[in-house]
Amino acid sequence: MADAPIVYQRPPGEGTTASLASAHRKKRETTGAPVLVGAIETGTGSLSAKRITHATHPFARAKGPLATPQILGGPWVQLAYVMTDMLLVLFDFILVAKLRWFGGRGGGSPFDVMFNLFGSGVPPHYLSFLVLYAPLVALFCHTQALYHTARDRSRLDETLAVAKAVCFATVLLTASIYASGVHTISRLVVWGSAVLNIVTLSTWRLWKRGMVERRVAAGVGVKNVLIIGAGKAGREVASYLDQNKQLGWVVRGFIDQNHATNPRVLGRIEDLSTIARAQFVDEIIITISSMQRLVKQVILEAKRNNLDIKLIPRMYGAYGGRATLEHMGGIPVMSLYGEPVPLLARLAKRLFDVIGALFGLVALSPLLMAIAVLIKCDSTGPVFYRSRRVGKKGKLFVCYKFRTMVTNADSLKDSLRHLNEREGVIFKITNDPRITRVGRLLRKYSLDEFPQLWNVLTGDMSLVGPRPHPVDDYKRYELKHLRRLDVTPGLTGLWQVTARRNPSFEKSVALDLEYIENWSLGMDFSILLGTFSAVLSGDGA
């Protein structure tokens, strides 16, 4: 199971938050350059302290379709909900008809009934009824806003909404049928189906809600939020989001010109870019609507940093031209700007990942077993090497590779760091003394990476994307390097096919960002083809 995301926090024992905020303010006043001091905190302890300045990065969030977070929803999800409801209505009707018409005669399975339902013994009017009933239930579900994933709606409210939709559809259709003079449809079948529809449509929604809540709890599909203003409105929004984590928003903290004693205030308005990058912020919520000039400054800075923007209602000239209004609890919030999310393209990428990983694991299974035997025969130790890597939004996960080094390779790494041939934070030695004989062959053809197809299948990685780095290399990142963590890491990437021998880490980051900001499915296919060529030529690490 993947670890919780890495976040920036105050190191233990470094004084109170108030004293830190005071020191932070004094440092800014004396130098003119805002400095955010913190530590990267994991489940096992502090990793490193960092000094962060505006000059170290151009944008807080990487721009591009893969970097834009997606909270579960959208037209394709709504269509799936509609189809699920209609299929359940069909199944319920078949089941009730089975009990009504075949209950004492062993009518077979519901699928047998589906083929025989409108045959002998059952009036053909039922077909017309069912063809009208299923879409009508879906229509009334739509009027009850049951296809908009309103996660702030309670379970009871959602169940009552389903009951209303089913009852309205049933009453309207039966009244129309009987008014037309058709009296051959059994009221027992009609209302038995209605009761079963309420049960099944409510049950699958409860299951879906539980699934969504588990995804959010695991950090999947969430948005990191920074609230501008720590006053009453800001605190109310934060409290609501903290108490309703199933909504998919995670409050990272506040930005405020005052309220320095509030432990959740991370800095002032001029620190927005720095804090947003350090906290992997996706969206800001502005609650200081009375400060018009300051709000305009915040909006411009947030858009420059590719951040989504919400505002407690008050129009600001051209900035509110396409604003939409939504509610967080009882608080109206205005969405001023949002990065577009290419749902279909991203769905296609994930589908390609799953199919490609499954095919690879099955097709390569004889080769994988042969490699495992070779590793066992060559040196003592496990077949697989499990490494903690830093993935999307700083989330830790276990990355799998075939073991190509001696078992104590990690403990020897620091003693060999002076031999590092790469420029920057990444560690690499051409003739690494820790590599085994079989390991050298596996690395030459990149065969040691094949177990990461499992990581692709589980969603921690993609077939194509920036390569994930070990935690100790991540600790040496500068703030500007964090932008490469805005997307899911990959088995191969643009750097691997265009500049594999280039020792510069900055060059690799530049290529990662080029991929993120210009991503397309065509680019993924091109990179995969280039990777196959590099692997077959033995141009591996």
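Quick rundown of the values:
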| quantity | calculated |
| --- | --- |
| Against the rule of thumb 2.2 N^0.38 Å, how large the Cα Rg of segment 211-286 comes out | 1.09 |
| Exposure proxy ranking, count of Cβ atoms within 10 Å, fewest first, for His481, His148 | His148, His481 |
| C-alpha center-to-center spacing [segment 353-393, segment 429-449] in angstrom | 14 |
| Label-point separation in nm, Cys167 to His327, each point 7 Å along Cα→Cβ | 2.2 |
| Full-stretch length increase - Leu79, Leu99 - with 0.36 nm per residue and alpha-carbon distance subtracted | 4.1 nm |
| Quarter of Cα convex hull surface for segment 392-484, i.e. mean projection, nm² | 6.6 |
| Under 5 Å, built H, 5+ apart or other chain: amide partners of Glu423 | Ser504, Phe505 |
| log10 of Debye I(q)/I(0), alpha-carbon scatterers only, for segment 359-403 at 0.16, 0.26 Å⁻¹ | -0.57, -0.90 |
| Two-site label geometry, Glu213 and Thr380: point separation in nm, points 7 Å out along Cα→Cβ | 5.0 |
| Length added when fully stretched, Met86-Arg440, from 0.36 nm per residue minus Cα-Cα | 121.8 nm |
| Contour minus Cα-Cα distance for Met369 and Asp410 (0.36 nm per residue) | 12.2 nm |
| Intensity falloff of segment 359-514 expressed as log10 I(q)/I(0), Debye formula with alpha-carbon point scatterers, at q = 0.08, 0.10, 0.13, 0.17 Å⁻¹ | -0.23, -0.36, -0.62, -1.11 |
| Residues Lys475 and Phe532, FRET efficiency given R0 of 25 Å [Cβ-Cβ distance, rounded to 0.05] | 0.15 |
| Theoretical FRET efficiency, 1/(1+(r/R0)^6), r = Cβ-Cβ of Val199 and Met291, R0 51 Å, to 0.05 | 0.50 |
| Leu344/His418 FRET efficiency (R0 35 Å; Cβ-Cβ; nearest 0.05) | 0.10 |
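Bear in mind that the values in this text are calculations on the coordinates, not laboratory data. What you are looking at is a predicted structure, and each value in this text was computed from that prediction instead of being measured. All Cβ positions, glycine included, derive from the backbone under ideal geometry; neighbour counts span all protein chains shown.
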